Amino acid sequence: MSLRSFVSRPTAHGLQVLERGSWLVFMVFLWWGVSGFATAQTVVPPERSLPLWQLKSGLHFAGKDVQALQADEFANPAQLWLNQGAQAWGLPSAANGKSCASCHGAAATRMQGVATRYPAIDAASGRLFNLEDRINQCTTRHQQAPALTPESDALLGLSLLVTQASKGMPLRVDIGGAARAHWQAGAALFTQRQGQMNLSCAQCHDQNFGQRLYTDPLSQGQPNGYPVYRLEWQKPGSLERRLRSCYAGIRAEMPPWGALEMRQLALYLTWRGEGLPVEVPAVRK
Amino acid sequence: MAFARIQWPERVLAGDVVKVRLLVRHPMDTGYLQDLLGKLVPRNVIRSLTCTWGQQEVFRVEPSSGISANPLFEFFVRADQTADMLVEWTDDRGVKGSLRQTLQVLPKPSA
C-alpha cells in the first residue's frame, strides 16, 4: 500500500479493483477445479427418489385383514414353509452327509443380517447372486446335491428361514465395486418404460404410490417382505416371482427364470428400500 | 410332504375350555383354476380331517372347495387330562397327513 500511495489516487483505486477482481476469478477457478477433482475421487452417493422418512413397507398399503394375518405368529401361513425350512436346514445331503447346519450352525443366530445384503456379488464367480442363487450354490457345491427348483417349496422354505433370521434388521446392500454396473442397469430398468402398457416401474411405485389402481392401493414396491406369502398365490414366492407379476401386469416381454435383469432390478429395489426392516414372514394380498 | 401346525394356550389347567388352532398346508385346488399353460388343475381338496384327543374324537371336518388354501381351523375342547392330540387328514389324491402333539394339562390348583 505504501508504494501505491505515490501513484495518483484514481489509478491506484482502479488497479486495486482489477487486482481484487482477478483474484476472485482465480479463486473461483481454483475452487471449481478442486471440487471437480474431489467429485472424481470420492464416490458421491446417488440421489434417492424416496428419502428414508418417506419409505413405507408394503404392509402399510395392505388391508387390515392382511396386516392381522401377518401379525398372527401362528396363523401366518408362511410359518408352514418356515417349518419345512427349519427341517431342511438340519437334513444331511445324500451325497456327502453335509447339512446346512454342519457348516453354518443355527440359522436363527448365524444367518443374522445375511439376507439384508442380497443381491450381492458372488466372490468366486463374480456374478450377481440373489439369496436363492446363493442357497443353490451351497446346495450344489458344498452339499453336492442337485439344485433346488425356483419357487419350489424346498427352496422357499430355506430362503424364508434365512431371511427370517434378519427380521427387523434394515436392508443394506453394497452397490460399490463390481455391483456398481448392476445397480446402474437396475436403476435404468426401473425408470425405463416397457411393455404394451408402456409403463415404467417408477411411474407406479415412485410417482403414484398410495393412489389406487382399480381397487388396490399402489405400494412403493419395497422388497423388505420377500420371500412373501401372497394370498393371490396361496403360497410364498420370491421377489423374482413378484417382479414377473409386474412384468405380466404391464405386458412386458418376460425374461427367463434366473435372468440377470431381475437380479439387477432387485438390487436397485433393495438399495432404494435401504433402511426398511426385514419383515419376513410377511403376508401380502 | 405334509405340514401342519397346532396351537393351544401355554398353560392349560384341568377343566379349562381351551381354544385349539390348527393350520394345515394344502393347496385346496378347486378344480376350476387353470395353470400357466391353460390346463385345468384337477380338484384336490382335503376330503376329511379328524382330531383325536386321547381316545376321543374331538373335531371332524370335511372341507369342500370353498375353503381357502392352507386352511386354519379353530375349535374348543374341555381339558381333562394330559393326552396326545392326533390330527389326520386325507385329500382327493389319497395323500394322507398327520400330526401328533401332546396337550399338557396341569392339575387345577386347590383354591
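The values are calculated or read from the model by the stated rules, or taken from the named source; none is laboratory data. Quantities reported herein were computed from a predicted structural model and do not represent experimental measurements. When we count neighbours, we look across all protein chains shown, and the Cβ atoms used for this are built from the backbone with ideal geometry, even at glycine. Areas reflect the complete protein model, heavy atoms only, side chains present, ligands, DNA and RNA absent. Shrake-Rupley method; radii C 1.70, N 1.55, O 1.52, S 1.80 Å.
What to note about this one:
- Restricting A:ARG212, A:ARG241 to residues that are open to solvent by 30 Å² or more (accessible area, probe 1.4 Å) and in contact (Cβ under 8 Å) with a residue 24 or more places away in the chain narrows the list to A:ARG241.
- Filter pass, B:LEU72 being touching a residue at least 24 places away in the same chain (Cβ under 8 Å), within 20 Å of A:GLN87 (Cβ to Cβ), within 14 Å of chain A (Cβ to nearest Cβ) and surrounded by 13 or more Cβ atoms within 10 Å (Cβ to Cβ): no
- Residue in the stretch A:46-56 that is in contact with a Cys (Cβ under 8 Å, 6 or more places away or on another chain), farther than 23 Å from A:GLY258 by Cβ and away from every other protein chain (no Cβ under 14 Å) present: no
- The listed residues are A:GLN222, A:GLN207, and the only one of them that is without any contact (Cβ under 8 Å) to a residue 40 or more places away in the chain, assigned to a loop (DSSP other than H, G, I, E, B) and over 26 Å from B:PRO27 (Cα atoms) turns out to be A:GLN207.
- Residue match in the stretch A:71-90 (condition: part of a helix (DSSP H, G or I), in contact with a His (Cβ under 9 Å, 6 or more places away or on another chain) and more than 10 Å from every other protein chain (Cβ to nearest Cβ)): yes
- Subset of the stretch B:8-36 [within 14 Å of chain A (Cβ to nearest Cβ), over 30 Å from B:ASP84 (Cβ atoms) and not aromatic (Phe, Trp, Tyr)]: B:ASP29, B:THR30, B:LEU33, B:ASP35, B:LEU36
- Failed item in (1) buried (at least 16 other Cβ atoms within 10 Å of the Cβ); (2) farther than 18 Å from A:LYS235 by Cβ; (3) modelled with pLDDT of 95 or more; (4) not β-branched (Val, Ile, Thr), with B:SER48 passing the rest: (1)
- If you go through the stretch B:90-107 and keep only what is open to solvent by less than 70 Å² (accessible area, probe 1.4 Å) and within 16 Å of B:ARG43 (Cα to Cα), you end up with B:THR90, B:ASP91, B:ASP92, B:GLY94.
- Only a single item in (1) closer than 23 Å to A:PRO277 by Cβ; (2) buried (at least 20 other Cβ atoms within 10 Å of the Cβ) is not met by A:ALA106, and it is number (2).
- Residue pairs meeting the criteria (Cβ under 8 Å; at least 6 apart or on separate chains; first within 14 Å of chain A (Cβ to nearest Cβ), in the stretch B:53-68; second open to solvent by 70 Å² or more (accessible area, probe 1.4 Å)): B:SER65/B:TYR32; B:SER65/B:ARG43; B:SER68/A:GLN234
- Tally of residues being open to solvent by less than 10 Å² (accessible area, probe 1.4 Å) and not in a helix (DSSP H, G or I) across the stretch A:129-170: 2
- 1 or more residues in contact with a strand residue (DSSP E or B) (Cβ under 6 Å, 6 or more places away or on another chain), farther than 19 Å from B:PRO27 by Cβ and of a type outside the set (D, E, K, R): qualifying strands (runs of 3 or more DSSP E) within the stretch A:227-285: A:282-284
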